[in-house]
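To keep things clear, I will list the structure first and then write my remarks on it.
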Amino acid sequence: MKDKSILEFIKLNCRAHPWHGIDIGENAPKELNSYIEIVPTDTIKFELDKETGLLKADRPQKYSNCCPTLYGLIPQTYAGKRVGGYCGEKTGRPNILGDHDPLDICILTERPILRGDILLKAKPIGGIRAIDGNEADDKIIAILSDDLVYKDVHDITDCPPNLIDRLCHYFLTYKESPEELSSQSPPTMEIAAVYGREEAYKIIELSQQDYQDNFSIT
């Protein structure tokens, strides 16, 4: 009872850590709580500082690379051995690891949201199987819950192909300068596949299991 009282005190008086202190949502994986780090107008790449739970400026976006959607993370998920193993299974590469980060999420909405460091609910419709070096770096694609324009989008096949192409281009190039892209050295980031809603659900569930393996205190 004493421990429960301490936890209740912390919840009432301290800001929750966006990764560890917020539940993924009772209807996951069909609807998720999501923490937004970047919005399309950001010219600075912001990301969660894992130690403090604060949003930090990581680096200026290189050249014209700005994310075309809201971008953030799914609380209480982790890309560990299960997520990495699943990517390896789907690509036929046995040595793929998880990237040891929370699962990334890109959220489509009609309405402009002009700042990050916020929570919202989103419904997954698919994902991008990105691989960074030998690490799985999946990007779940979702729509903002109750969005008037995107409410009838239920799977990645319902999205305009050009929008998915823009997302893929962003993730292929957002770490590189034009000089690096034109060099002979192979890029570290690649897109192995774009997948639909059911596979997105599977990866989210695997990331929840990876999270429990790495952060469970029970």
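The values are calculated or read from the model by the stated rules, or taken from the named source; none is laboratory data. The structure presented is a predicted model; accordingly, all values stated were derived computationally and were not measured. Virtual Cβ from ideal backbone geometry, glycine too; neighbours counted across all protein chains shown.
Tell me which residues, restricted to segment 14-64, are without any contact (Cβ under 8 Å) to a residue 12 or more places away in the chain and more than 12 Å from LYS121 (Cβ to Cβ).
Result: CYS14, GLU47, ASP49, GLU51, THR52, LEU54, LYS56, SER64.
Here is a check on your reading of the model: is GLU31 out of contact with any Asp or Glu (no Cβ under 9 Å at 6 or more places or on another chain) and modelled with pLDDT of 95 or more?
Values: out of contact with any Asp or Glu (no Cβ under 9 Å at 6 or more places or on another chain): yes; modelled with pLDDT of 95 or more: yes.
Yes: the conditions hold for GLU31.
Residues checked against (1) more than 25 Å from CYS14 (Cβ to Cβ); (2) among the polar types (S, T, N, Q); (3) at pLDDT 95 or above; (4) in contact with a Leu (Cβ under 8 Å, 6 or more places away or on another chain):
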residue: LEU48; (1), (2), (3), (4): no, no, yes, yes
residue: LEU70; (1), (2), (3), (4): yes, no, yes, yes
residue: ILE107; (1), (2), (3), (4): yes, no, yes, yes
residue: PRO112; (1), (2), (3), (4): yes, no, no, no
residue: LEU120; (1), (2), (3), (4): no, no, yes, yes
residue: GLY127; (1), (2), (3), (4): yes, no, yes, no
residue: GLY133; (1), (2), (3), (4): yes, no, no, no
residue: VAL153; (1), (2), (3), (4): yes, no, yes, yes
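So, restricting to strands (runs of 3 or more DSSP E) that lie completely within segment 75-186, which ones have at least 2 residues that are of a type outside the set (Ser, Thr, Tyr) and without any contact (Cβ under 8 Å) to a residue 40 or more places away in the chain?
Working: elements: 104-108, 118-132, 139-144.
Result: 139-144.
Results for (1) crowded, with 23+ Cβ neighbours inside 10 Å; (2) out of contact with any Phe, Trp or Tyr (no Cβ under 7 Å at 6 or more places or on another chain), shown as yes or no for each residue.
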residue	(1), (2)
HIS100	no, yes
ILE107	yes, yes
PRO112	no, yes
ARG115	no, yes
LEU120	no, yes
ARG129	no, no
ASP138	yes, yes
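Give the residue, chosen from PRO40, PRO94, that is at pLDDT below 95, farther than 21 Å from ASP210 by Cα and surrounded by fewer than 17 Cβ atoms within 10 Å (Cβ to Cβ).
None of the others qualify; the one that does is PRO40.
Return the residue satisfying two criteria in turn: it lies in segment 15-37 and is among the aliphatic types (A, V, I, L, M) and buried (at least 22 other Cβ atoms within 10 Å of the Cβ), and of such residues it is farthest from the chain's Cα centre (by Cα).
Out of the qualifying residues, it is LEU32.
Of the conditions (1) over 20 Å from PRO161 (Cα atoms); (2) modelled with pLDDT of 95 or more; (3) in contact with a helix residue (DSSP H, G or I) (Cβ under 9 Å, 6 or more places away or on another chain), GLY88 clears all except one; give me its number.
(3)
Would you confirm, using the coordinates I've provided, whether TYR71 is farther than 19 Å from ASP213 by Cβ and either in contact with a strand residue (DSSP E or B) (Cβ under 6 Å, 6 or more places away or on another chain) or in contact (Cβ under 8 Å) with a residue 60 or more places away in the chain (or both)?
Yes; evaluated as a whole, the condition is true for this residue.
Could you tell me how many of the residues in segment 178-218 are acidic (Asp, Glu), surrounded by fewer than 19 Cβ atoms within 10 Å (Cβ to Cβ) and at pLDDT 80 or above?
Qualifying residue count, segment 178-218: 4.
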